[in-house]
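The values are calculated or read from the model by the stated rules, or taken from the named source; none is laboratory data. Because the structure is predicted, anything quoted here is derived from the model rather than measured. All Cβ positions, glycine included, derive from the backbone under ideal geometry; neighbour counts span all protein chains shown.
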Amino acid sequence: MSKPVILTGIRANNDLTIGNYFGAILPMIDMAKTRSDEFQINLFIPDLHSFTTPIDHSQLYDQILHNARLFVAAGLPLDNPDIYLYRQSYISAHSELTWILDCFTGMGEMTRMTQFKDKSGSLNDDRTSVGLFNYPVLMAADILLYDAQYIPVGEDQTQHLEFARDIAERFNNKLGHTFMVPEPVKAQHAFFGKDQGLRIKDLVDPTKKMSKSDDSARGVIFLGDEPSAAAKKVMGATTDDLASIKFDPQNQPGISNLLQILALLQGVTLQQVRDTYEGQSSYGDFKKVVADAVESFLTDFQQRLAAVDDTAVIAKLEQSESALQPIAGDTLLRAQKAVGLRR
Ligand code: TYM
């Protein structure tokens, strides 16, 4: 019996942020370090997803390798055969299964996807690509090809995860059992020990998600930011005029976001941080604590990144890609048989 699969992907459209780090990379690496005897770990770079919105293509190849190095700096062990690190476009079954799933997906359900609405809203119709529209179908293929059960993602991806379950169930009901349906999203959050997916907010506008594709980047902490510059971003974070620290995302989104970030950086629960700081009135002092924590986190992280061995990373990518090709190919064949393309 093969092991259940935990899988996640992080796009290479830009440098990664602390939102990506705490929302997806760290939960995945914790699993890789502590549970790889019970689970197969698939961490991949959805390189085909990386240009669903416009990017500078001259940077993409290097960005993909850079992101693989970031995972290693974050603690991904390279010497464990149950941990796979790979690039989506190197396993062609991802694209092939997408086409099949496309034909079982409604235009309406894709149009209703929040991320599509948000991202297409900032582009005009001719710059909104069919790839952006189709994004969740490729993401479902990424998950279903490996029978993945648990998929650690941030809150913004929950709807796409629901879609992966829906399309698997719909396909199975229509054409016979073909795909393993991932665990319900609630069960996944319970598995990763969270009530809900994480959503780190932008420092300047704490009502919106901190996003690596943000144009201004003033409210975004990138893993490659100069540590003292990142600390300055924290000192400039938008707060409120209530002069009392409280975790209240509705009325005090900026302060609540900083409390959350501090808990993650210190590796303690949000409740512990609340117990320490709630009720204090000096936002300046509190921001300084968060700014120092960000600065020392980035300094350490960047030191680890500089020590990553590129040859070992490339070897791991190539090994994982050849090992996974037949596995993805088997699932693709099941789908091809189900739709009548193969006997
Ligand atoms: P991407 O690259 O946009 O985001 C990567 C992961 O980071 C999480 N994330 C956040 N978490 C908390 N706070 C934030 N501010 C924040 N910003 C981003 C995202 O939720 C995500 O988990 N569609 C995926 C990539 C993908 C994928 C997959 C994931 C492609 N195929 C299959 C899982 C399984 C995405 O959003 O990437």
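The residue list 239, 299 contains one member that is in contact (Cβ under 8 Å) with a residue 40 or more places away in the chain and in a loop (DSSP other than H, G, I, E, B), which is 239. For segment 179-191, enumerate the residues that are surrounded by 18 or more Cβ atoms within 10 Å (Cβ to Cβ) and in contact (Cβ under 8 Å) with a residue 40 or more places away in the chain. Correct list: 179 only. Remark: pairs (first residue in segment 82-110, under 29 Å from residue 34 (Cβ atoms); second residue hydroxyl-bearing (Ser, Thr, Tyr) and modelled with pLDDT under 95; Cβ separation under 9 Å; 6+ apart in sequence or on different chains) = 82/36; 83/36.
Out of segment 135-171, which residues are acidic (Asp, Glu) and surrounded by fewer than 21 Cβ atoms within 10 Å (Cβ to Cβ)?
147, 155, 156, 162, 166, 169
Residue selection: residue 60 satisfies the criterion of being closer than 27 Å to residue 131 by Cβ and not assigned by TED's automatic domain parsing to the domain that holds residue 234. Selection of segment 192-210 for residues being under 28 Å from residue 168 (Cβ atoms), in contact (Cβ under 8 Å) with a residue 60 or more places away in the chain and assigned to a loop (DSSP other than H, G, I, E, B) yields 192, 197, 198, 199. Quick check: anything in segment 154-162 more than 13 Å from the ligand (Cβ to nearest atom) and touching a helix residue (DSSP H, G or I) at 6+ places or on another chain (Cβ under 9 Å)? No, because not a single residue in segment 154-162 is more than 13 Å from the ligand (Cβ to nearest atom) and touching a helix residue (DSSP H, G or I) at 6+ places or on another chain (Cβ under 9 Å). Residues of segment 52-69 that are within 12 Å of the ligand (Cβ to nearest atom) and touching a residue at least 60 places away in the same chain (Cβ under 8 Å): 52, 53. Against the condition farther than 22 Å from residue 5 by Cα and under 15 Å from the mean Cα position of the chain (by Cα), how does residue 50 come out, does it pass? For residue 50, the condition - farther than 22 Å from residue 5 by Cα and under 15 Å from the mean Cα position of the chain (by Cα) - is met. Residues that are within 12 Å of the ligand (Cβ to nearest atom), modelled with pLDDT of 95 or more, assigned by TED's automatic domain parsing to the domain that holds residue 29 and in contact with a Pro (Cβ under 8 Å, 6 or more places away or on another chain) do occur in segment 120-140, at least one of them. In segment 211-220, is there at least one residue being surrounded by fewer than 18 Cβ atoms within 10 Å (Cβ to Cβ) and either β-branched (Val, Ile, Thr) or over 24 Å from the mean Cα position of the chain (by Cα) (or both)? Checking segment 211-220: not a single residue is surrounded by fewer than 18 Cβ atoms within 10 Å (Cβ to Cβ) and either β-branched (Val, Ile, Thr) or over 24 Å from the mean Cα position of the chain (by Cα) (or both). If you filter segment 142-153 down to residues that are of a type outside the set (D, E, K, R) and within 8 Å of the ligand (Cβ to nearest atom), you find that the one that is nearest to the chain's Cα centre (by Cα) is 153.
Only residues that are polar (S, T, N, Q) and over 26 Å from the mean Cα position of the chain (by Cα) were counted across segment 273-332, and they come to 4. Filtering 186, 174 for residues that are more than 11 Å from the ligand (Cβ to nearest atom), assigned to a helix (DSSP H, G or I) and touching a helix residue (DSSP H, G or I) at 6+ places or on another chain (Cβ under 9 Å) leaves a single hit, 174.
Could you list, in sequence order, all residues of segment 1-17 that are more than 23 Å from residue 164 (Cα to Cα) and near the ligand (Cβ under 8 Å from one of its atoms)?
16, 17 - these are the residues of segment 1-17 that are more than 23 Å from residue 164 (Cα to Cα) and near the ligand (Cβ under 8 Å from one of its atoms).
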